[in-house]
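What follows is a single structure, written as structure tokens, with notes after it.
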Amino acid sequence: MTLDYSKLSLEEKYNFNDDVITYVLIGDPTPLARARMGKGRCWDSQKKTKLVHGITLKAQHGQRPAYSGPLSVSMTFFCPIPPSRERKIKPGCPHAVKPDLDNLIKYICDVAQDILFENDSRVAQLLCKKVYSRQPRTEFTITVLEQHEKI
């Protein structure tokens, strides 16, 4: 069964429970690219993409205040199945090729900073995975941890 996100309502696309919110970025997961340098200057080649994803996250977050305190973040990166491997790879199988998981995580933290939380240093616990899917997207859930809670 494939899920067509374009036909779902906002309530169906996103989990709107106030304690735990699941954010969804539709499209191929994006890894963080290094800053580009040339002709004596430095620039961010992903500035426009980050802006679009930031607007999407702001719309999903709504008027809620930014998270504060220690946070637990659970991320799942749903990577596209290459057409040449469609018969061999099933949705949900681990994705063990590029892009690197750490660069995918850094990109999400970069985009979410100043929108969902003040600084990515607030993330105290992180659970991440990359899997194949016919509907490429990035889903992540943020949970506020108690200040004195053991992880």
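Just so it is clear, none of the values below were taken in a lab; they were calculated from the coordinates. Note that the structure is predicted; figures quoted are calculated from it, not measured. Counting neighbours? That spans all protein chains shown, and the Cβs are built from the backbone with ideal geometry, glycine included.
Charged neighbours of Ala33, selected by a Cβ distance under 15 Å, balance to +2 (K, R count +1; D, E count -1). When the listed pairs Lys58/Lys90; Lys106/Lys130; Lys48/Lys90; Lys39/Lys98 are checked against a 23 Å cut-off, the alpha-carbon distance exceeds it for Lys58/Lys90; Lys48/Lys90; Lys39/Lys98.
Got a sec? How would Ile105, Ile55 order by Cβ neighbour count within 10 Å, fewest to most? Before the final figure, lay out each step's value.
On the way: Ile105 20, Ile55 12.
In increasing order of surrounding Cβ atoms, one gets Ile55, Ile105.
Derived scalar couplings between HN and Hα for region 131-136 equal 9, 7, 7, 7, 10, x Hz in order, rounded to whole Hz, by the Karplus curve 6.51 cos²θ - 1.76 cosθ + 1.60 (θ = phi - 60°), x for Gly and Pro.
When the Debye formula is applied to the Cα atoms of region 61-122, each taken as the same point scatterer, what base-10 log of I(q)/I(0) results at q = 0.12, 0.19, 0.20, 0.24 Å⁻¹? With no solvent term, the Cα-only Debye profile gives -0.45, -0.80, -0.84, -1.02. Close amide H pairs (under 5 Å, H built 1.01 Å from N) link Leu126 with Val73, residues at least 5 positions away or on another chain.
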